[in-house]
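Some notes on the structure that comes next.
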Amino acid sequence: MAMAAASMPLAGSINYLEDVIMDSLRNPLSFWDLINWYFVSLHWTTLYQFGDIAPTIYGQNALPPSVLLPNPLINYHQLLLNGIGSPNFSDPVTFPPTNNIFWNETLFEIYTGYFAHIYGSAQQLDLPPFLPPSNSNRIERSPTAIFTSYQCNQLGWKGWVSALFSILVAISSLWAGGYTLFLLLVETVQEKK
């Protein structure tokens with residue numbers, strides 16, 4: 001019932017996808033299988049690009065009781081999913097990688113089967129089999145640093161030509177935006193008369 005309710009507003013897109021794209025496949029998948037495969041694969045590959053193989057969440061530092069009304073039913077040191085407080089980065093909760101499609105052998109077979117079916121069928125290719133994950137063939141966590149680089153480490157004044165050009169561009173864009181807004185308001189007033 002829930003799938004039917006979700007499919008109703010998307011009926012036009014689903015029909016188009018099945019008519020145009022799915023016809024190129026030897027054995028078409030359902031629309032929801034395709035969506036599942038795409039987003040699950042995207043999740044795990046993006047997570048791995050950041051060097052992780054399992055999700056990590058952080059508990060919340062609760063606001064002091066003077067800010068919140070004390071509630072005996074709430075443990076203020078547990079994870080508060082309503083966004084109250086700030087993340088406690090000293091208390092990470094790392095989940096096991098059992099649901100990772102590149103770690104779990106069964107999930108790996110399912111999702112590589114989808115990939116071979118979708119890509120291989122669309123390109124008329126017979127893809128070679130993938131090696132299943134094992135103790136010797138499995139992704140591992142790799143710490144990744146995210147670097148932010150700056151072009152300039154020392155502040156300095158712009159040259160007068162560059163500064164003049166920047167000021168003129170800012171003024172002209174603000175004037176053009178204001179003038180366009182003014183014309184829109186005048187046109188609206190004229191239409192109401």
Conditions (1) at pLDDT 85 or above; (2) over 21 Å from the mean Cα position of the chain (by Cα); (3) surrounded by 10 or more Cβ atoms within 10 Å (Cβ to Cβ); number of the one not met by Asp91 | (1)
Would you be able to say whether some residue in segment 121-144 is modelled with pLDDT under 80, assigned to a helix (DSSP H, G or I) and surrounded by 15 or more Cβ atoms within 10 Å (Cβ to Cβ)?
-> yes
Of all residues in segment 21-74 being over 30 Å from Ala11 (Cβ atoms), of a type in the set (S, T, N, Q) and over 19 Å from the mean Cα position of the chain (by Cα), the one that is modelled with the lowest pLDDT = Ser66
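The values are calculated or read from the model by the stated rules, or taken from the named source; none is laboratory data. Because the structure is predicted, anything quoted here is derived from the model rather than measured. Neighbour counts are summed over all protein chains in view; Cβ atoms, including those assigned to glycine, are modelled from backbone coordinates with ideal geometry.
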